[in-house]
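**Q** Let me give you the structure first, and then I'll get to my questions.
The values are calculated or read from the model by the stated rules, or taken from the named source; none is laboratory data. Because the structure is a prediction, the values reported are computed rather than measured. Neighbour counts are summed over all protein chains in view; Cβ atoms, including those assigned to glycine, are modelled from backbone coordinates with ideal geometry.
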Amino acid sequence: MENYNSSNIKTLEFDALIIGGGGSGMRTSLELAKSGLKTAVVSKVFPTRSHTVSAQGGITCAIASEDPNDDWRWHMYDTVKGSDYIGDQDAIEYMCSEGPKAVFELEHMGLPFSRFENGRIYQRPFGGQSKDFGKGGQAARTCAAADRTGHALLHTLYQNNIKEGSNFLNEWFAVDLVLNQSKEVTGVIAFSIESGEVAYLKSQATVMATGGAGRIYSSTTNALINTGDGLGMALRAGFPAQDMEMWQFHPTGIYGAGSLVTEGCRGEGGYLINAEGERFMERYAPNAKDLAGRDVVARSMVLEILEGRGCGENKDHVFLKLDHLGADVLNAKLPGICELSRTFAGVDPIFNPIPVVPTCHYMMGGTPTNIHGQAFTQSNGEDKIIAGLFSVGEAACVSVHGANRLGGNSLLDLVVFGRAAGIHIQEALKTGGGVADADSDDINKALHGLNKINSSSDGFEVAEVKRELQSVMQNYFGVFRRGDYMEKGVSALEEIREKVSNLHLKDKSMAFNTSRVEALELQNLFEVAEATAIASLQRTESRGAHARDDFKERDDENWLCHSLYDPIKKTLSKRDVNFTPIQVDTFEPKVRTY
Amino acid sequence: MIDVNIYRYNPETDKFPYTQTYTLKKPEKDIMLLELLNILKEQDSSISYRRSCREGVCGSDGMNINGKNGLACITPISQAIKNNKIELRPLPGLPVIRDLVVDMTEFYAQYDKIKPFLQNETEPPAQERLQSPAERDKLDGLYECILCACCSTSCPSFWWNPDKFVGPAALLQAYRFIADSRDTKTAERLEGLSDPFSVYRCHGIMNCVNVCPKDLNPNHAIGEIKSMLLSDKKKENIIVSDGVS
């Protein structure tokens, strides 16, 4: 196979490049499409195949529809508490206060929200929501289009990108970042999946909107494409990742298949039962019950199973009961769930409960950014902006989710920060911001990984190594974690790194070679998994989604902070959480109960 | 044992497409066809197909399964196996890029053509535009389309005129915006569809309804569009042909 170098590949030049065509990437591109800047969205799948499409329950936002007195500050309080106090309060404030504007924009773009009788957007209760700073009972703050909100949102964004004439490089795969001598990001090496043609996509601003990486686990609600490509590229380039130990396990993945069953089911009145038919969440969270934070519900389910009250032959799952809601409510409010359950669980929820287990769902960590989407690294304990690099959505850690994301906050994150990054990039580039050119050595360096896999004549099987990686993560870094097990996991990963660096790409063909894509994806998965493992082992406390058997308590004295993983030294350092919102007083850490 | 017979074509090495049969042990569990393809791909990494969500909402893995279009990820092999055999072909009527991967450019071009976005030139209010539940109900069965192309590529009218006949998928979306109480461009949308090809090449043979993996009914939407076009024309006192020519 031909070895690529800077002189035998073409260069395509842009003002701004967005890697990823999901919700956050398309919201960024929509903002930029109106600016006159030369922009392209690089997406490895046609945009409406992105994983945003699978989001179900809704987008949480204080639009004051269900409750005219609702207040974004209450939403902010819930989000800070949900984050177990390591969400950045400046970013959470920005998301919650800008949220209504972003949601109304989506409605104006045509998003087919469900409606209340008065014609306003329908809102349903979700976990961790309260009125009046936790004192006014359960809130209903999640705006929904039935249980297909992600689909409706993603298609609406794509449609409006068509309207604004956005430029898409569909079915193009970004391989690695190109860095100039000052370690500024000048674009990416990418190839067209359809033709195999390789190019240097040069840009003044490169936005990582590559989503999550749930496929590091064997059981996940995530699409097959969620392989952390942007984060993998950033880690290989030596840029840090933040809070990588924080992975959300969604309480209700369909047992066996892993497909998501929205929290909206419990919002509409469904609840979990164990083998004895007991509504066990009443014991674990007497007030919020089934609508406690996702981390709390997932742990309660695992404890029920471990204590022998699991359902089924192997007592290894619990049931989500919905039949008492009646066929009318289920068909109107949760039609997609009924469909998924019939297909993947063989169960019709109108008559029988759905078998569910906690399933890897969301990466709270990611590339650290400020509220403008600017990625940064640290030098001598100070944040330092990485010129040319931006990150938005699940790939980023801004951080609005901290140690545990609240349901419905992900879609809000996408549109609020996608929009913010777009606005910032326009302004920055119009006032002369940008990066210096990379030279041919820099470009050749970024081609190294692709050349290596293309020239492999033997080595390890991609599918086998991927299974091995996923089972290590599943076994050692799941809902409950323990130091000695995690140490085993970390050393298992060291062996897997050897294999991941020596994969065998048997099929070297150019046209629509999905095995090349899968091999490169596995390398990205590995980087994310290793960051997760090292961060998990070193955070010696339990907080949010990170629950350790050997350090059961939250330790604010030592760990009320972000963790920052350095991929070169493979070490973890601490970074301050922002406790200084502008419009409201700081929400001080409290004991977190539901 | 089962035989999985797959359409194969790699433009770099094959002058013509061919079919290849893989014989494998029938899985004990009733897995989805996509999982079976993933198993096959471990044996032969050169097989190419699209996939993403693996739960029937992203529309990537539309293919022709034993002669009928469907999504591999929500088709159980128990449904797909006929006489211990499964035949997999790319979606019909579109150019094949490789194996089960088709070039969907013409399909997407028709989608773009119907202006698939809300048009309302009035200044939006500070909050959302209001829409009653009854008005919103009219969008059910329309907005859920996943653009998998199973319907349009099972439609002979689309096979013959993929550049002129909009096809069931894009017509469903055309009607989705016509039916939306917030859209103010109904007249322009209808005008854009009033030529002899865009809508009138649909002769209601219902292949689209028969294959839609989301149980949507493009045929009904097309019927509504035709009725609206006809009542418009009647108002103008113009005699229209049924478009068959």
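**Q** Sort out which residues of the stretch B:112-122 are more than 7 Å from chain A (Cβ to nearest Cβ) and modelled with pLDDT of 95 or more, and write them in order of number.
**A** B:113, B:114, B:115, B:119, B:120, B:122
**Q** From (1) in contact with a Ser or Thr (Cβ under 9 Å, 6 or more places away or on another chain); (2) surrounded by 19 or more Cβ atoms within 10 Å (Cβ to Cβ); (3) among the charged types (D, E, K, R), pick out the condition that doesn't hold for residue A:552.
**A** Result: residue A:552 fails condition (2) only.
**Q** Right, here's the next one. Could you grab me the full set of residues in the stretch A:506-549 that are among the basic types (Lys, Arg), surrounded by 22 or more Cβ atoms within 10 Å (Cβ to Cβ) and closer than 30 Å to residue A:175 by Cβ?
**A** Result: A:516, single match.
**Q** Which of the residues belonging to the stretch B:123-137 are hydrophobic (A, V, I, L, M, F, W, C) and either in contact (Cβ under 8 Å) with a residue 12 or more places away in the chain or more than 8 Å from chain A (Cβ to nearest Cβ) (or both)?
**A** If the condition is that a residue be hydrophobic (A, V, I, L, M, F, W, C) and either in contact (Cβ under 8 Å) with a residue 12 or more places away in the chain or more than 8 Å from chain A (Cβ to nearest Cβ) (or both), then B:134 is the only one that fits.
**Q** Next question, about the same structure. Which of (1) surrounded by 24 or more Cβ atoms within 10 Å (Cβ to Cβ); (2) touching a Phe, Trp or Tyr at 6+ places or on another chain (Cβ under 9 Å) is the odd one out, the single condition residue A:134 does not satisfy?
**A** (1)
**Q** Which members of the stretch A:260-272 meet the condition of being crowded, with 20+ Cβ neighbours inside 10 Å and not hydroxyl-bearing (Ser, Thr, Tyr)?
**A** If the condition is that a residue be crowded, with 20+ Cβ neighbours inside 10 Å and not hydroxyl-bearing (Ser, Thr, Tyr), then A:260, A:261, A:263, A:264, A:265, A:266, A:267, A:268, A:270, A:272 are the ones that fit.
**Q** Same structure, new question: Looking at the stretch A:170-202, which of its residues are within 14 Å of another protein chain (Cβ to nearest Cβ) and aliphatic (A, V, I, L, M)?
**A** Within the stretch A:170-202, just A:193 meets the criteria.
**Q** Have a look at A:457, A:410 and point out the one that is hydroxyl-bearing (Ser, Thr, Tyr) and surrounded by fewer than 23 Cβ atoms within 10 Å (Cβ to Cβ).
**A** Going through A:457, A:410 in turn, just one is hydroxyl-bearing (Ser, Thr, Tyr) and surrounded by fewer than 23 Cβ atoms within 10 Å (Cβ to Cβ): A:457.
**Q** Still on this structure: Specify the residue that is farthest from the chain's Cα centre (by Cα); the eligible residues are those in the stretch B:191-214 that are in a loop (DSSP other than H, G, I, E, B) and within 13 Å of residue B:170 (Cα to Cα).
**A** In this case the residue turns out to be B:193.
**Q** Can residue B:188 be described as over 19 Å from residue B:90 (Cα atoms) and surrounded by fewer than 22 Cβ atoms within 10 Å (Cβ to Cβ)?
**A** For residue B:188, the condition - over 19 Å from residue B:90 (Cα atoms) and surrounded by fewer than 22 Cβ atoms within 10 Å (Cβ to Cβ) - is met.
**Q** Got a sec? Which of A:66, A:13 is in contact (Cβ under 8 Å) with a residue 24 or more places away in the chain, under 18 Å from residue A:207 (Cα atoms) and surrounded by fewer than 24 Cβ atoms within 10 Å (Cβ to Cβ)?
**A** Matching residue, one of A:66, A:13: A:13.
**Q** Here is a further query. State which residue is nearest to the other protein chains (Cβ to nearest Cβ) when the search covers only the stretch B:97-111 and only residues that are in contact with a strand residue (DSSP E or B) (Cβ under 6 Å, 6 or more places away or on another chain) and surrounded by 19 or more Cβ atoms within 10 Å (Cβ to Cβ).
**A** Step by step, filter the stretch B:97-111, then rank; the result is B:99.
**Q** Output the residues belonging to the stretch A:110-144 that are among the polar types (S, T, N, Q) and either farther than 21 Å from residue A:591 by Cα or part of a helix (DSSP H, G or I) (or both).
**A** A:114, A:118, A:123, A:142, listed by residue number.
**Q** Contact list please: Cβ distance under 8 Å, first residue in the stretch A:254-266 and on the phi > 0 side of the Ramachandran plot, second residue surrounded by 24 or more Cβ atoms within 10 Å (Cβ to Cβ) and in a loop (DSSP other than H, G, I, E, B), pairs at least six apart or on different chains.
**A** A:258/A:221
**Q** Can you say whether residue A:114 is over 22 Å from residue A:96 (Cα atoms), among the small types (Gly, Ala, Ser), surrounded by 20 or more Cβ atoms within 10 Å (Cβ to Cβ) and within 14 Å of another protein chain (Cβ to nearest Cβ), as far as the supplied structure shows?
**A** For residue A:114, the condition - over 22 Å from residue A:96 (Cα atoms), among the small types (Gly, Ala, Ser), surrounded by 20 or more Cβ atoms within 10 Å (Cβ to Cβ) and within 14 Å of another protein chain (Cβ to nearest Cβ) - is not met.
**Q** Just to be sure before I move on: is residue A:478 in contact (Cβ under 8 Å) with a residue 40 or more places away in the chain and of a type in the set (Gly, Ala, Ser) in the structure I sent?
**A** For residue A:478, the condition - in contact (Cβ under 8 Å) with a residue 40 or more places away in the chain and of a type in the set (Gly, Ala, Ser) - is met.
**Q** Could you list, in sequence order, all residues of the stretch A:156-175 that are over 19 Å from the mean Cα position of the chain (by Cα), in a helix (DSSP H, G or I) and buried (at least 22 other Cβ atoms within 10 Å of the Cβ)?
**A** The answer is A:156, A:158, A:159, A:160, A:161.
**Q** May I pose another question? Given the options B:176, B:182, name the one that is modelled with pLDDT of 95 or more, under 19 Å from residue B:142 (Cα atoms), in contact with a Lys or Arg (Cβ under 7 Å, 6 or more places away or on another chain) and within 14 Å of another protein chain (Cβ to nearest Cβ).
**A** One residue alone meets the criteria, B:182.
**Q** Go through the stretch A:301-396 and tell me which strands (runs of 3 or more DSSP E), entirely inside it, have 3 or more residues that are crowded, with 24+ Cβ neighbours inside 10 Å.
**A** Output list reads A:354-363, A:382-391.
**Q** Separate question: Are any residues in the stretch A:86-125 within 30 Å of residue B:135 (Cβ to Cβ) and of a type in the set (Gly, Ala, Ser), and if so, which ones?
**A** Matches in the stretch A:86-125: A:99, A:102, A:110, A:114, A:119.
**Q** What's the number of the only condition in (1) over 29 Å from residue A:379 (Cα atoms); (2) more than 14 Å from chain B (Cβ to nearest Cβ); (3) among the aromatic types (Phe, Trp, Tyr) that residue A:512 fails to meet?
**A** (2)
**Q** Determine which member of the set A:148, A:236 is crowded, with 24+ Cβ neighbours inside 10 Å and of a type in the set (D, E, K, R).
**A** Answer to the selection: A:148.
**Q** Same structure, new question: Restricting to the stretch A:280-297, name every residue that is over 21 Å from the mean Cα position of the chain (by Cα), surrounded by 14 or more Cβ atoms within 10 Å (Cβ to Cβ) and in a loop (DSSP other than H, G, I, E, B).
**A** If the condition is that a residue be over 21 Å from the mean Cα position of the chain (by Cα), surrounded by 14 or more Cβ atoms within 10 Å (Cβ to Cβ) and in a loop (DSSP other than H, G, I, E, B), then A:280, A:285, A:288 are the ones that fit.
**Q** Oh, and also: Considering only residues that are free of Cβ contacts under 8 Å to residues at least 40 places away in the same chain and surrounded by fewer than 19 Cβ atoms within 10 Å (Cβ to Cβ), look in the stretch A:570-585 and name the one that is farthest from the chain's Cα centre (by Cα).
**A** A:585
**Q** Follow-up question, since we're still on this one. Of the numbered conditions (1) in a loop (DSSP other than H, G, I, E, B); (2) within 12 Å of chain B (Cβ to nearest Cβ); (3) among the acidic types (Asp, Glu), residue A:107 satisfies every one except a single condition; which is it?
**A** With (1) in a loop (DSSP other than H, G, I, E, B); (2) within 12 Å of chain B (Cβ to nearest Cβ); (3) among the acidic types (Asp, Glu) applied to residue A:107, the lone miss is (1).
**Q** Somewhere in the stretch A:260-268, is a residue within 30 Å of residue B:78 (Cα to Cα), part of a loop (DSSP other than H, G, I, E, B), within 14 Å of another protein chain (Cβ to nearest Cβ) and of a type in the set (Val, Ile, Thr)?
**A** Looking through the stretch A:260-268, at least one residue is within 30 Å of residue B:78 (Cα to Cα), part of a loop (DSSP other than H, G, I, E, B), within 14 Å of another protein chain (Cβ to nearest Cβ) and of a type in the set (Val, Ile, Thr).
**Q** Would you confirm whether any residue within the stretch A:70-82 is of a type in the set (Asp, Glu), closer than 17 Å to residue A:543 by Cα and touching a residue at least 24 places away in the same chain (Cβ under 8 Å)?
**A** yes
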